[in-house]
Amino acid sequence: MSSALYTSGAAIDQAHEDDIWHARWFPGKNMLATAGSDETVKIWDSQTGECLATLKDSDYAITSLDINAQGTRILTSSMDNKMRVWNIDDSLGSSSESSSPALTIDAGPINAWRSRFLQTVSETGAKEMLASSTSTGTVKLWSTTKGREVREFNTSRPNFLYALAVSPDGTKVACASAGNHVYVFDTESGSLSSTFSGHSDNVRSVSFSADSSLLVTASDDKQIQLHDARYGSTVSTFSGHHSWVLSAEIHPDGKYIASGSLDTKVKIWDIGQRKCMETHSQHSQAVWGVAWQQSSDDVVTMRPKLASVGEDRSIHFYDPLLA
């Protein structure tokens, strides 16, 4: 399908042996990491389609995937309740499932359904921690040096947290629970700064904009909502999917939102015009993850690609048509 914004590009069929649930770009690179229910993380060259490495350390499905801002470490959560951190330099170039994680944390029963890198900056310098979502309405922070819990944010509602996001500037943590509540915490004070409840069903995905000012949420109510994370207000609601919206992410320049749904579609929305600009139909089953290519501190990605992954075990890339 050709469109005014993005056109369908390369695809990798049967990229995993089972459903692919997650996709993350390495900042400033043409490299994509994917993971899902086949218990593996795979690292891909998006230009050649080559699998550069396969990471596996358990026989349990991977429920979360993240890459740090420097593009040097991968974080996963699995159904064995463990978070694992891999150093990328140790993993690349190994197509066999032989790489071992640099750090493994046993978070306890359903204490790390989702996990994210959290980097904070203070007078004493930068500090890297991990954030994880639980089944009891709390977000736990973990030390990457000591491998233990150091702090907790409490939503005051003992519900399963489906989704978790950390703002790029490290000042906010957002999570979403079974039901319709979305919570935003201030990482320095630990206080709850905002609560959103505009959705009418479970919220599956939360994601911040590149400048940390906006938060996009996706829900089983078939809607996407955009929120101002600074002032705690909901800006827009986008409707058009015909089933649960499983993933949504804001374009690096803040102009668009990409979404993936149980209806098998990938949609691109114009934030300013508040409407769907195009629909892509490359997947044959549910689209579990969408991800925009990211810039790094050293490399600015002027025309970011979009990637989508899904239940059909395929990866699809979308190439920008406009500068």
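The values are calculated or read from the model by the stated rules, or taken from the named source; none is laboratory data. All of these numbers come straight from a predicted model, not from anything done at the bench. So basically every Cβ, Gly included, is an ideal-geometry build from the backbone, and we count neighbours across all protein chains shown. Remember, those area values only see protein heavy atoms, side chains included, never the ligands or the DNA or RNA. Shrake-Rupley method; radii C 1.70, N 1.55, O 1.52, S 1.80 Å.
What the table shows:
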read-out: Strands (runs of 3 or more DSSP E) lying entirely in the stretch 1-113 (those with 1 or more residues that are over 28 Å from Trp269 (Cα atoms) and modelled with pLDDT of 95 or more); value: 41-45, 51-55, 62-67, 73-78, 82-87, 103-106
read-out: Looking only at the stretch 116-130, and only at residues there that are hydrophobic (A, V, I, L, M, F, W, C) and touching a strand residue (DSSP E or B) at 6+ places or on another chain (Cβ under 7 Å), the one that is surrounded by the fewest Cβ atoms within 10 Å (Cβ to Cβ); value: Ala126
read-out: Strands (runs of 3 or more DSSP E) contained entirely in the stretch 229-323, each with at least 1 residues that are open to solvent by 10 Å² or more (accessible area, probe 1.4 Å) and farther than 22 Å from Arg114 by Cβ; value: 233-239, 256-261, 266-270, 275-280, 315-320
read-out: Residue count for the stretch 273-323, restricted to those that are of a type in the set (Gly, Ala, Ser) and over 15 Å from His251 (Cβ atoms); value: 7
read-out: Among (1) touching a residue at least 40 places away in the same chain (Cβ under 8 Å); (2) crowded, with 22+ Cβ neighbours inside 10 Å - the single one Glu39 does not satisfy; value: (1)
read-out: Subset of the stretch 16-36 [touching a Ser or Thr at 6+ places or on another chain (Cβ under 6 Å) and either open to solvent by 10 Å² or more (accessible area, probe 1.4 Å) or more than 21 Å from Arg116 (Cα to Cα) (or both)]; value: Asp18, Asp19, Pro27, Gly28, Asn30
read-out: Among the candidates Thr7, Thr54, residue that is in contact with a strand residue (DSSP E or B) (Cβ under 8 Å, 6 or more places away or on another chain), more than 19 Å from Arg313 (Cα to Cα), surrounded by fewer than 20 Cβ atoms within 10 Å (Cβ to Cβ) and in contact (Cβ under 8 Å) with a residue 40 or more places away in the chain; value: Thr7
read-out: Of all residues making up the stretch 228-243, the number that are more than 20 Å from the chain's Cα centre (by Cα) and of a type in the set (D, E, K, R); value: 1
read-out: Count of the stretch 165-180 residues which are hydroxyl-bearing (Ser, Thr, Tyr) and either under 16 Å from Ile224 (Cα atoms) or without any contact (Cβ under 8 Å) to a residue 24 or more places away in the chain (or both); value: 1
read-out: Positions within the stretch 131-147 being open to solvent by 20 Å² or more (accessible area, probe 1.4 Å) and part of a loop (DSSP other than H, G, I, E, B), in sequence order; value: Ser135, Thr136, Thr144, Thr145, Lys146, Gly147
read-out: Residues being among the acidic types (Asp, Glu) and within 20 Å of Gly260 (Cβ to Cβ) - total across the stretch 294-317; value: 2
read-out: Unmet criterion (only one of (1) open to solvent by 30 Å² or more (accessible area, probe 1.4 Å); (2) more than 15 Å from the chain's Cα centre (by Cα); (3) more than 28 Å from Gly9 (Cβ to Cβ)) for Trp113; value: (2)
read-out: Single unsatisfied condition, Val150 versus (1) in contact (Cβ under 8 Å) with a residue 24 or more places away in the chain; (2) part of a strand (DSSP E or B); (3) touching a strand residue (DSSP E or B) at 6+ places or on another chain (Cβ under 6 Å); value: (1)
read-out: Within the stretch 181-212, considering residues that are among the hydroxyl-bearing types (Ser, Thr, Tyr) and in contact (Cβ under 8 Å) with a residue 40 or more places away in the chain, the one nearest to Asn154 (Cα to Cα); value: Thr187
